[in-house]
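Here's the structure, in structure tokens; my notes come after.
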Amino acid sequence: MTQLKEAKKGRITEEVEIVAKNENIDINKLKNLIAKGKVVIPKNINGISEPCGIGQKLRTKINANIGSSSKMEDINFEVEKAKTSVEFGADAVMDLSTGPKLNEFRKKIIESVNVPIGTVPIYEAGVAINKKGIVDMSEDDIFKAIENQAKEGIDFMTLHCGINQDVVEKLRNSDRIMGIVSRGGTFLASWIIHNNQENPLYENYDYVLEIANENDITLSLGDGLRPGCLSDGTDISQIQELVNLGTLVKRAHEANVQVMVEGPGHLPMNQIASNMQIQKTLCHGAPFYVLGPIVTDLAPGYDHITSAIGGAIAAQNGADFLCYVTPAEHLSLPNLEDVKEGVIASKIAAQAADVALGLESAWTNELAMSNARRNFDWEKQFELSFDKEKCKKYRESSPLDEDEMCSMCGEYCAIRIAKDL
């Protein structure tokens, strides 16, 4: 049973009922969007996460990446990052651990939060061969990792199925500055070149679909050739892979497998809208999952802001799922404060886009905040804000005798004067 198969048959599952209620959307309309592949509910039949809808006509969702590396393994720290992500509004969490204990980390993270969990299985395959090189992975290593994580209950998997020998060869002859910046994409491109063989995930895509169908895993088709700097944005390599992904989306839909597509990356602002439109056209309306996009490469330490700018534009123009970017991006493994800042920045982007798209739930909260400000209802303002404690801290940093003023304007508060008159 998959959500897509049931929707095609006209059946309404328990998961569809929950999402329809949470999103305040007509249940039959939601079922039809799922049947058309325009909405997914990442929910492995072996998993324990709460159902979450991603796609057209729904709230823009946020994903938070966490995970250890071989240089820093602290399972309690990663669990806290997962919990912090969800506390501040992440709708999903991806475990990107690459340290020796990544299997242990993944199980703990699954147990610690109730949102959909995503992974990149090729990381497990790469770590499993230990001292051998990544290029020495076998096809069995790759599919063993996918099957293992499917049984554990992973809800969505990033699989770089669109990279094949043809696009890798053309990339080698291109004038790209950054080459491949996707870790999974690099693993597979290197494997293809070293072994002079086709990408196993591309060549054996039917087997990928079989595993996904059996467990109702949502495929997140990875953009292994996403641009890693503005200068590489919307180049031939990126688009060629996207064309491949569009074909794979169609095959997934035919096999009753839920699927979404991952996107850039780093893009100039003037290219974002067209990228969203191209993806929706080539990929048959499948939900679009974007990293950022980052709109300038000159702000290390502030990339949660550069990505929020890009994310707002992307979501307004069709992106459905924003992967957060933290201030530590490009620099280090993020800490708890970085995770918090990254989630909130993406939440701001998602809210701004949902308001622009006229989503009722987004406007309801905006109007509530307007009334709270007009009425000097500070507690309501704190309640509605994305970071309640930060608001309270600023409010309390310079207390006044009167509740109806803040220290910015004091007795010259425009709202207070107008109200008195």
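The values are calculated or read from the model by the stated rules, or taken from the named source; none is laboratory data. Treat the numbers as computed from the prediction; the structure is a model and nothing was measured. Note: ideal-geometry Cβ built from the backbone for every residue, glycine included; neighbour counts use all protein chains shown.
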request  = Note down all Cβ pairs under 8 Å where the first residue falls in the stretch 397-415 and is among the hydrophobic types (A, V, I, L, M, F, W, C), the second is in a loop (DSSP other than H, G, I, E, B) and at pLDDT below 70, and they're at least six residues apart or on different chains.
outcome  = 406/400
message = When you scan the stretch 333-355, do you find a residue that is buried (at least 23 other Cβ atoms within 10 Å of the Cβ), without any contact (Cβ under 8 Å) to a residue 40 or more places away in the chain and either closer than 16 Å to residue 272 by Cβ or not assigned by TED's automatic domain parsing to the domain that holds residue 158 (or both), even just one?
response = no
ask   = So which of 397, 385, 370, 407 is of a type in the set (Gly, Ala, Ser) and in contact with a Cys (Cβ under 8 Å, 6 or more places away or on another chain)?
value = 385
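Residues are listed down the side, and each one gets a yes or a no for (1) of a type outside the set (A, V, I, L, M); (2) surrounded by 18 or more Cβ atoms within 10 Å (Cβ to Cβ); (3) farther than 23 Å from residue 211 by Cα; (4) at pLDDT 95 or above:
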residue	(1), (2), (3), (4)
67	yes, yes, yes, no
84	yes, yes, yes, yes
101	yes, no, yes, no
127	no, yes, no, no
132	yes, no, yes, no
136	yes, no, yes, no
inquiry  = One residue is enough: does the stretch 206-227 have a residue meeting the conditions polar (S, T, N, Q) and farther than 25 Å from residue 117 by Cα?
reply    = no
remark   = Just one listed residue, out of 188, 209, 201, is assigned to a helix (DSSP H, G or I), among the aliphatic types (A, V, I, L, M), touching a residue at least 40 places away in the same chain (Cβ under 8 Å) and closer than 25 Å to residue 330 by Cβ, and it is 188
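Which ones in the stretch 148-167 are in a helix (DSSP H, G or I) and under 10 Å from residue 240 (Cβ atoms)?
166, 167 - these are the residues of the stretch 148-167 that are in a helix (DSSP H, G or I) and under 10 Å from residue 240 (Cβ atoms).
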remark   = The condition from (1) crowded, with 19+ Cβ neighbours inside 10 Å; (2) under 17 Å from residue 321 (Cα atoms) that residue 22 misses is numbered (1)
inquiry  = Being in contact with a strand residue (DSSP E or B) (Cβ under 8 Å, 6 or more places away or on another chain) and either of a type outside the set (Phe, Trp, Tyr) or in contact (Cβ under 8 Å) with a residue 60 or more places away in the chain (or both) is the requirement here; does residue 235 meet it?
reply    = no
request  = Filter the helices (runs of 4 or more DSSP H) completely within the stretch 281-395 down to those with at least 1 residues that are of a type in the set (Ser, Thr, Tyr) and closer than 18 Å to residue 181 by Cβ.
outcome  = 303-316
request  = Name every residue in the stretch 168-185 that is out of contact with any strand residue (DSSP E or B) (no Cβ under 8 Å at 6 or more places or on another chain) and assigned to a helix (DSSP H, G or I), in order of residue number.
outcome  = 168, 169, 170, 171, 172, 183, 185
task = Could you tell me whether residue 12 is touching an Asp or Glu at 6+ places or on another chain (Cβ under 7 Å) and either of a type in the set (Ser, Thr, Tyr) or at pLDDT 95 or above (or both)?
result = no
request  = Being part of a helix (DSSP H, G or I), buried (at least 24 other Cβ atoms within 10 Å of the Cβ) and not aliphatic (A, V, I, L, M) is the filter here, so list the residues in the stretch 262-278 that pass it.
outcome  = 275
